Structures are given as structure tokens and as C-alpha cells.
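> Once you've had a glance at the structure underneath, I'll fire off some questions.
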Amino acid sequence: MELFHLLNRGVDKRQIFLDNQDRARFVHDLYEFNDKPSAANTRRRMSSDSPESIMFDLRSRTSVRDRLVDIHGWCIMGNHYHLLVSEIAEDGITAFIRKLNIGYAKYFNERYKRVGTLFQGRTKRIHINNDAHFLHILHYIHLNPLDFLKGAESWRTLEIKSTKNALRHLENYRWSSYLDYCGTRNFPSLITKDLFGDVFRNYKRTITSYMKDIELTPVKTLLLE
């Protein structure tokens, strides 16, 4: 199995998630487009674009799908997204990302009455090919929302003023796989936790310790930002 960190952002670094409806729609698309059959009827299958409807729909899903990838971690920010995936189907990552980016761009352009490219280019694909990167990458993705917390914006340069405040912020930020890894059912149907679950058996304890003694320096050259 090969693991990849995927990232794409809005063209000209523009905001591509403007409110919770946009974020919920992207979460829905992460689930819906991770399937070999065409997703042409995605909008018809949804009863509403409201965040509440989309999230209820995901939590109630029981259908068997023919997935393209395993999603091991994810996070939505203001102008970009992070995904941590491994391939199941042949060329599954390529097919999944194409459907995801095109589908979300179509929704976004329709909602905001705009035309043109939404994403800045091809989705970056970074191969996680050593132990140091593997042990840090899930934490790195989950810590991204600290960009929005005063006093924690410098976490990439090894500075978090209050681990307690940082943890509280992450617990209140639902647009990532962090809560599901910590045992709170958020969007459990999106992710496969087995790979990292075997390594981080108590994820909340692990990431708390990680933030108290951040060691990003050995992998700075491997990070995308």
C-alpha cells in the first residue's frame, strides 16, 4: 500500500469554502465521488444542500460502494483542502480527484454565479515514503485549523502558546477527521482509521503529547506549505 498527501487550493489563493454549506457540500462530495460508478446524479440524490441535511445523509449511509481510494485523513481550510489517501482501484486517485474537483467547482460556480477555473492547477500529490513523514503527516493535517486560533498561528514554527486552548479549538472544528480519530462520531463514513489506529491507539493523548513537544523540524522539507 502506498500513502499520498493530496492538496489543492483556490486559484489565486482565493477562498473556496465561504460558509458551512460549502464545507458540508465538500464533505458530501468526498463521500459521493469515492465510488467507481459515475456520480452524474449526485445532486438528484440529495434532498437538500443544507449542512444539516448533508451531514445527516452521510451519517445514515449503509450502502455498499466500490471505492476508488481509502481516505485516512482530511481537513478543509478556507482556501484549500488536505487529503491523506491510498489507492484501491487502478488509477483510483486520479479518478477520485478529477471527480471531486470538477464536481465541487461546478457546485461552487453555480451557487456563486461565477465562471472559470476554481482550483489553481493540478492537485499536489506527495508520496509518504519514510517513517518520519508517516508519523507526522496525520498530525500535520489535523493541526491546520490552528491557523484560525489566536496564539497558535505559529504552530508550523514550533510555537503553540496554550496546548489546552489548541485542543479545545480542534474539538470545536468539525471540518476534519480529527474528531473521528478521537472517538467522536463526526463523519465516520468518510475515513478508514485502521492504518493509523494501529499506530496511535489513543489519538487524543498522542496529539496532546505531540503539541507539547512539537517536532516538525525533521520533516519541514516534506511538508507542502
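Bear in mind these aren't lab numbers, they're just calculated from the coordinates by the rules spelled out. Since this is a predicted model, take the numbers as computed values, not measurements. Cβ sites come from the backbone with ideal geometry, for glycine too, and all protein chains shown count toward neighbours.
> Which links in K124/K212; K124/K161; K161/K212; K36/K99; K164/K193; K161/K193 stretch past 20 Å when you go from one Cα to the other? Working shown, then result.
On the way: K124/K212 30 Å; K124/K161 31 Å; K161/K212 10 Å; K36/K99 10 Å; K164/K193 25 Å; K161/K193 30 Å.
In this structure, K124/K212; K124/K161; K164/K193; K161/K193 lie more than 20 Å apart at Cα.
> When the label point is put 7 Å from the Cα of S209 along its Cα-to-beta-carbon vector, which residues of region 123-154 have a backbone N closer than 15 Å?
It comes to 135-136, 139, nothing else.
> Please give the length that would be gained between A89 and V11 if that part of the chain were fully extended, namely 0.36 nm times their separation in residues minus their C-alpha to C-alpha distance (nm, one decimal).
Full extension of this stretch gives 25.2 nm more.
> Which of the peptides 139-147, 203-211 is most tightly packed, and how do the rest follow, going by the mean number of other Cβ atoms within 10 Å of each residue? Spell out each step's value before the answer.
Numbers: 139-147: 21.2, 203-211: 17.4.
Highest to lowest by the protection proxy: 139-147, 203-211.
> Could you run the Karplus curve 6.51 cos²θ - 1.76 cosθ + 1.60 with θ = phi - 60° over region 4-21 and give me ³J(HN,Hα) per residue in whole Hz, x for Gly and Pro?
Running phi through 6.51 cos²θ - 1.76 cosθ + 1.60 with θ = phi - 60° gives 10, 9, 10, 8, 9, 9, x, 4, 6, 6, 5, 5, 10, 10, 8, 7, 5, 5 Hz.
> Which whole number in µm²/s is D for region 129-222 by Stokes-Einstein, with the Kirkwood Rh taken over Cα pairs at 20 °C and 1.002 mPa s? Present the calculation step by step, with values, prior to reporting the outcome.
Working: Rh = 13.7 Å.
For the chosen part, D equals 156 µm²/s.
> Between K124 and D66, what is 0.36 nm times their sequence separation minus the Cα-Cα distance? Round to one decimal in nm. Don't jump to the answer; show the numbers that get you there.
On the way: separation 58, 0.36 × 58 = 20.88 nm, distance 2.44 nm.
Gain in length upon complete extension: 18.4 nm.
> Okay, next question. Sort 75-84, 166-175 for me by packing, meaning the mean count of neighbouring Cβ atoms within 10 Å per residue, highest on top. Let's see the in-between values first.
Details: 75-84: 21.3, 166-175: 17.3.
So the order, starting with the most tightly packed, is 75-84, 166-175.
> Just to check I understand the Karplus step: with θ = phi - 60° and J = 6.51 cos²θ - 1.76 cosθ + 1.60, what whole-Hz values come out for region 151-164, glycine and proline as x?
x, 10, 4, 9, 4, 5, 9, 6, 9, 10, 6, 9, 4, 4
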